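To start, the structure under review is shown below, and the notes come after it.
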Amino acid sequence: MATISTLETPPARQDGFVLPAALIAGMPAHTGSRKGAENASGGAPDATPICNASTGAVIGWQEHAGAALVDEAVRAAHTTLASWRATAPAARGARLKKIAELIDANRARLAALQMQVSGKPPLEADIDVSDAAATFHYYADLCLDAQAFAPEALALPDDTVTGERFYEAVGVAALIVPWNFPMVTTAWKIAPALASGCTVVLKPSELTSPVEHLLAEIINEAGVPAGVVNLVNGGGEVGALLTAHPLVDKISFTGSTASGKKVMQTAAQDMKRVTLELGGKSALIVRADADVERAVTLAVGGAFTNAGQMCSATARILVHDDVYRKFMAAFETAVRAIVVGPPHSTNVAMGPLVCAAQRARVQSLVEQGVQAGASVAFSGSVDQACADGFFMAPVVVAEPPADNLLWTDEVFGPVACVKSFRTDEEAIALANDTRYGLVATVVTADREAARRYQTQLRAGLVWINTPQLIFPQICWGGLGLSGIGRELGMAGLRSYQELRHALAAVG
Ligand code: NAD
């Protein structure tokens with residue numbers, strides 16, 4: 001991959017740095033100058049601004065790739081595939097280990113960039129860096145695990161044959177990520193893809209691509225051979241070009257359910273393998289026996305971390321009647337105390353939304369929800385000093401009608417709804433009354449009850465009395481409209497491998 005240092009040495013253009021349209025093996029960083037008519041969808045922008053979410057200021061630009069650059073990137077990955085796939089897993093793991101170490105070494109730079117483009121508070125930005133590093137460490141170690149790669153002999157009911165099960169890298173993987181945890185979702189894809197022996201073309205979100213450009217620089221510095229990791233910039237139209245490319249074998253997509261459906265339709269043309277990590281509308285359940293203080297802490301974290309821009313946001317909070325008043329009083333105090341502000345403001349707990357359009361979208365959903373009968377119980381506040389950034393106060397809606405869009409639809413912003421319940425059956429029915437199924441949280445002192453919830457809630461991951469902990473050893477993924485497949489863990493590796501078998505005659 002061509003190295004870039006666009007963030008330190010920006011080429012002159014309007015204001016700030018310019019990210020090249022593509023980073024492709026052995027080639028100079030591409031500008032979007034060859035885009036023009038090559039872009040199949042036409043009308044797509046040549047370049048888009050990158051903003052500081054806390055100030056609204058344009059800090060740089062990213063050029064967008066066109067069809068020709070997407071094609072070059074996929075061909076580079078295809079050309080390098082055979083040699084990377086043939087590289088011993090341990091040697092691939094050594095590169096991953098180096099990436100993990102370099103992420104740690106560049107912690108301050110990566111976190112600063114996250115804070116700049118997304119406005120994340122320092123703690124959240126730092127957690128993102130730790131998560132990315134941990135993911136590369138995990139898959140580096142897995143590369144040394146013989147079971148992950150060595151053929152397995154099969155016990156068969158016929159002694160005239162022997163059988164083996166083995167795994168092989170799927171091929172060229174197109175990796176498409178959103179803007180809410182750019183470094184994290186990217187690490188969750190690149191690390192297992194490279195561990196498996198796949199080569200990749202990454203398309204970051206058009207809103208947060210500087211983070212991935214820095215990550216690409218780190219991957220290059222770690223000695224990953226040219227052509228193994230390639231990057232193309234752009235929006236949905238560039239993602240669509242990438243997913244439609246005939247030399248792409250596997251698509252791993254994280255984003256909205258609406259986009260995921262389009263990706264799946266495109267993938268169907270060539271039977272490309274897909275992993276889809278999509279939206280959510282998850283529940284947090286507070287039983288009557290819950291520690292209410294802990295429940296409030298988990299509710300605040302589940303609904304307002306990353307300004308609620310989380311697929312895993314537990315924005316439907318279900319509280320048992322017996323503790324409802326106590327919970328609401330403490331929740332109101334906690335929400336009003338949330339300091340909303342730029343990353344370096346004192347005691348900041350919540351940053352801005354990612355861009356003006358996202359804030360307008362969330363505010364419009366709140367207005368529509370209220371017009372349709374929901375009422376805001378209380379909200380937080382945003383300091384006047386934040387007027388130029390994309391800030392929004394946290395909002396809590398109480399007892400929305402069951403068909404209100406704030407209760408049914410993914411808002412992807414700092415908006416939580418609270419409803420009361422009387423029985424576990426009612427809570428489970430309310431929690432499961434959605435076509436999504438990503439995560440759930442249960443707060444209870446009763447282990448047996450927790451186990452019942454764990455099995456009866458339709459969710460890929462259930463947290464019991466814990467914040468939203470995620471480890472590379474635990475698989476991530478949802479049911480229903482929340483997607484298909486699992487990331488992280490051994491399943492994350494297997495999702496970049498084809499399962500194959502061989503039978504051989506004895507003698
Ligand atoms: P989005 O679907 O608009 O975009 C996601 C990515 O897909 C971007 O890079 C975008 O450019 C690209 N894209 C858009 N249309 C495409 C198409 N037709 N073909 C190929 N690529 C296309 O989503 P977003 O607004 O960036 O992110 C928010 C959504 O992501 C939310 O719905 C959230 O729940 C979801 N998300 C899910 C997870 C998860 O793990 N389940 C994690 C983070 C975010």
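Any residue at all in the stretch 199-206 that's away from the ligand (no atom under 16 Å from the Cβ) and assigned by TED's automatic domain parsing to the domain that holds Val70? If you could, list the steps in order and put the result at the bottom.
First, the residues of the stretch 199-206 that are away from the ligand (no atom under 16 Å from the Cβ): 199.
Retained after the next criterion (residues that are assigned by TED's automatic domain parsing to the domain that holds Val70): 199.
Yes, the stretch 199-206 has at least one match.
Return yes or no: is Ile251 in contact with a Lys or Arg (Cβ under 6 Å, 6 or more places away or on another chain) and not assigned by TED's automatic domain parsing to the domain that holds Thr441? Before you say what the answer is, go through the steps one by one.
Working: in contact with a Lys or Arg (Cβ under 6 Å, 6 or more places away or on another chain): yes; not assigned by TED's automatic domain parsing to the domain that holds Thr441: yes.
Spelling it out, Ile251 is indeed in contact with a Lys or Arg (Cβ under 6 Å, 6 or more places away or on another chain) and not assigned by TED's automatic domain parsing to the domain that holds Thr441.
Cβ-Cβ under 9 Å, sequence separation 6+ or interchain: first residue in the stretch 474-503 and closer than 17 Å to Asp249 by Cβ and among the basic types (Lys, Arg), partner at pLDDT 95 or above and within 11 Å of the ligand (Cβ to nearest atom). Which pairs?
Filtered contacts from the stretch 474-503: Arg494/Arg486.
Can you say whether Gly389 is away from the ligand (no atom under 16 Å from the Cβ) and assigned by TED's automatic domain parsing to the domain that holds Asp424, as far as the supplied structure shows?
Numbers: away from the ligand (no atom under 16 Å from the Cβ): yes; assigned by TED's automatic domain parsing to the domain that holds Asp424: yes.
Yes; evaluated as a whole, the condition is true for this residue.
Counting only residues that are of a type in the set (A, V, I, L, M, F, W, C) and under 13 Å from Gly280 (Cβ atoms), which one in the stretch 414-438 is farthest from the ligand (Cβ to nearest atom)? Show your work before the answer.
So in the stretch 414-438, the residues of a type in the set (A, V, I, L, M, F, W, C) come out as 415-418, 421, 427-431, 438.
Subset that is under 13 Å from Gly280 (Cβ atoms): 431, 438.
Numbers: Ala431: 17, Leu438: 6 Å.
It comes out as Ala431.
Take the residues in the stretch 376-419 that are of a type in the set (Asp, Glu) and more than 24 Å from Val442 (Cβ to Cβ), then tell me which one is surrounded by the fewest Cβ atoms within 10 Å (Cβ to Cβ).
Ranking the candidates gives Asp403 first.
Can you pull out the residues in the stretch 395-429 that are of a type in the set (A, V, I, L, M) and assigned to a loop (DSSP other than H, G, I, E, B)? Give the steps one after another, and end with the answer.
Taking the stretch 395-429 and keeping what is of a type in the set (A, V, I, L, M), we get 395-398, 402, 405-406, 411, 415-416, 418, 427-429.
The answer is Ala402, Val411.
If the Cβ limit is 6 Å and pairs must be 6+ apart or interchain, which residue in the stretch 80-104 that is touching a residue at least 60 places away in the same chain (Cβ under 8 Å) and within 17 Å of Ala173 (Cβ to Cβ) pairs with which residue that is among the aromatic types (Phe, Trp, Tyr) and assigned to a helix (DSSP H, G or I)?
Pro89/Phe149; Leu96/Phe136; Leu96/Tyr139; Ile99/Phe136
Looking only at helices (runs of 4 or more DSSP H) that lie completely in the stretch 89-206, which have at least 1 residues being at pLDDT 95 or above and of a type outside the set (Val, Ile, Thr)? Break it down stepwise before answering.
Numbers: elements: 89-105, 107-118, 122-142, 146-149, 182-196.
By residue number, 89-105, 107-118, 122-142, 182-196.
Across the stretch 218-240, which residue is farthest from Thr266 (Cα to Cα) among those that are away from the ligand (no atom under 16 Å from the Cβ) and under 20 Å from the mean Cα position of the chain (by Cα)? It would help to see each step written out before you state the result.
Within the stretch 218-240, the subset away from the ligand (no atom under 16 Å from the Cβ) is 218-229.
In the following step, the residues that additionally are under 20 Å from the mean Cα position of the chain (by Cα) were identified as 218-219, 229.
Values: Ile218: 32, Ile219: 29, Val229: 22 Å.
Filtering first and then ranking leaves Ile218.
Looking only at the stretch 175-182, decide whether some residue is within 14 Å of the ligand (Cβ to nearest atom), in contact with a Leu (Cβ under 6 Å, 6 or more places away or on another chain), among the aromatic types (Phe, Trp, Tyr) and assigned by TED's automatic domain parsing to the domain that holds Asp249. Write out each step before concluding.
Pass one, the stretch 175-182, residues within 14 Å of the ligand (Cβ to nearest atom): 175-182.
Okay, now just the ones that are also in contact with a Leu (Cβ under 6 Å, 6 or more places away or on another chain), so 175, 179.
Within this subset, residues satisfying the condition of being among the aromatic types (Phe, Trp, Tyr) are 179.
Right, trim to assigned by TED's automatic domain parsing to the domain that holds Asp249 and you get 179.
Yes, because at least one residue in the stretch 175-182 is within 14 Å of the ligand (Cβ to nearest atom), in contact with a Leu (Cβ under 6 Å, 6 or more places away or on another chain), among the aromatic types (Phe, Trp, Tyr) and assigned by TED's automatic domain parsing to the domain that holds Asp249.
Would you mind finding the one in Arg447, Arg451, Arg422, Arg458 that is surrounded by fewer than 23 Cβ atoms within 10 Å (Cβ to Cβ), among the charged types (D, E, K, R) and in contact with a Ser or Thr (Cβ under 9 Å, 6 or more places away or on another chain)?
Numbers: Arg447 fails: in contact with a Ser or Thr (Cβ under 9 Å, 6 or more places away or on another chain); Arg451 fails: in contact with a Ser or Thr (Cβ under 9 Å, 6 or more places away or on another chain); Arg422 fails: in contact with a Ser or Thr (Cβ under 9 Å, 6 or more places away or on another chain).
Only one candidate qualifies: Arg458.
Would you mention how many residues in the stretch 368-392 are under 16 Å from Ala313 (Cβ atoms) and hydrophobic (A, V, I, L, M, F, W, C)?
The number of residues fulfilling the criteria is 1.
The values are calculated or read from the model by the stated rules, or taken from the named source; none is laboratory data. Computed from a predicted structure; not experimentally measured. Glycine also receives a Cβ, built like all others from the backbone with ideal geometry; neighbour counts cover every protein chain displayed.
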